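Each remark here refers to the structure printed beneath this line.
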Amino acid sequence: MLRREVSTKRDALHNKFANSSSQRLAEIFFNTKQIRELIKPESIVGGYSPINSEIDCLPVLEQLFKLGIAICLPVVSNKEKHLTFYQWKPGDKMVRGSYGVCEPLTSNKEIIPNVLLVPMLACDKHGNRLGYGGGYYDRTLKKLRARKSMGGVTAIGLAYEGQIYGEIPHFEEDEPIDIILTDVGAIVIS
């Protein structure tokens, strides 16, 4: 029930503000001190190709690419039910994968992000997020966070401001996000 309610609200927001929201999101991304501190020349930033009415992170990725930051996008592994990331640059050929998501070619170099932009249907200010229910991002975040020797990963959840709720139900297997980034501002989770 909550997923359907949130999806309807998100779709309405998207239809009304899509282009300007994505540009504001990019501005806020680059003007948030805690995010700027994460992005270093050696950073690898994982994003996503938006589906339905998810807020578009591609303007952020394009600007990062222009700065010389390595960018990657996920490919869904239905077998292991997690995401694998492949290097991507604006203009690269994409293929339609699982769930209708555009994915980079698996012939591209596989790389591991240390900053991950995560789409959300909803979230709360405690870092709990609601996704589509498949658990792909939860399993992937858990796996990436376990790689402490490689620095782990910082998860930045992206959403429209109207997708932030007082409290989102969460379970033990749910992985929280570290920063919430919306078209209005950023919230750093302590």
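The values are calculated or read from the model by the stated rules, or taken from the named source; none is laboratory data. Not measured: the values here are computed from a predicted model. Note that we place each Cβ from the backbone using ideal geometry, even for glycine, and neighbour counts take in every protein chain shown. Side chains included, ligands, DNA and RNA excluded: accessible areas come from the protein's heavy atoms. Shrake-Rupley method; radii C 1.70, N 1.55, O 1.52, S 1.80 Å.
When you scan region 63-77, how many residues do you find that are within 16 Å of the chain's Cα centre (by Cα) and surrounded by fewer than 16 Cβ atoms within 10 Å (Cβ to Cβ)? Final tally of qualifying residues: 1. Restricting region 31-41 to residues that are in contact (Cβ under 8 Å) with a residue 12 or more places away in the chain and open to solvent by 40 Å² or more (accessible area, probe 1.4 Å) leaves a set whose member that is nearest to Arg139 (Cα to Cα) is Leu38. Can we say Ile156 is open to solvent by less than 30 Å² (accessible area, probe 1.4 Å), touching a residue at least 12 places away in the same chain (Cβ under 8 Å) and within 25 Å of Ser20 (Cβ to Cβ)? Taking the combined requirement at face value, the residue satisfies it.
Only one residue in Leu144, Leu130, Leu121 is under 12 Å from the mean Cα position of the chain (by Cα) and either in contact (Cβ under 8 Å) with a residue 24 or more places away in the chain or farther than 21 Å from Val45 by Cα (or both). Which one? Even if it seems obvious, please write down each step before you answer.
Working: Leu144 fails: under 12 Å from the mean Cα position of the chain (by Cα); Leu130 fails: under 12 Å from the mean Cα position of the chain (by Cα).
Every option except Leu121 fails the conditions.
Every residue, every condition in (1) among the charged types (D, E, K, R); (2) surrounded by fewer than 16 Cβ atoms within 10 Å (Cβ to Cβ); (3) at pLDDT 90 or above, yes or no:
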{"position": "Lys93", "(1), (2), (3)": "yes, yes, yes"}
{"position": "Ser98", "(1), (2), (3)": "no, yes, no"}
{"position": "Asn114", "(1), (2), (3)": "no, no, yes"}
{"position": "Ala122", "(1), (2), (3)": "no, no, yes"}
{"position": "Tyr132", "(1), (2), (3)": "no, no, no"}
{"position": "Tyr136", "(1), (2), (3)": "no, no, yes"}
{"position": "Arg147", "(1), (2), (3)": "yes, yes, no"}
{"position": "Glu167", "(1), (2), (3)": "yes, yes, yes"}
{"position": "Glu175", "(1), (2), (3)": "yes, no, yes"}
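Out of all the residues in region 123-155, which are of a type outside the set (S, T, N, Q) and in contact with a helix residue (DSSP H, G or I) (Cβ under 7 Å, 6 or more places away or on another chain)? Cys123, Leu130, Gly131, Gly133, Gly152, Val153, Ala155, listed by residue number.
Tally up the residues in region 70-82 that are closer than 16 Å to Gly47 by Cβ and either modelled with pLDDT of 95 or more or among the hydroxyl-bearing types (Ser, Thr, Tyr) (or both), please. Total meeting the criteria: 6. Scanning region 162-190 for residues that are under 21 Å from Tyr48 (Cα atoms) and either in contact with a helix residue (DSSP H, G or I) (Cβ under 8 Å, 6 or more places away or on another chain) or in a loop (DSSP other than H, G, I, E, B) (or both) yields a count of 15. Counting only strands (runs of 3 or more DSSP E) that fall entirely inside region 90-137 and contain at least 3 residues that are within 17 Å of Asp56 (Cα to Cα), the qualifying elements are 102-104, 115-119.
Here Leu73 does not qualify as in contact with a Lys or Arg (Cβ under 8 Å, 6 or more places away or on another chain) and free of Cβ contacts under 8 Å to residues at least 60 places away in the same chain.
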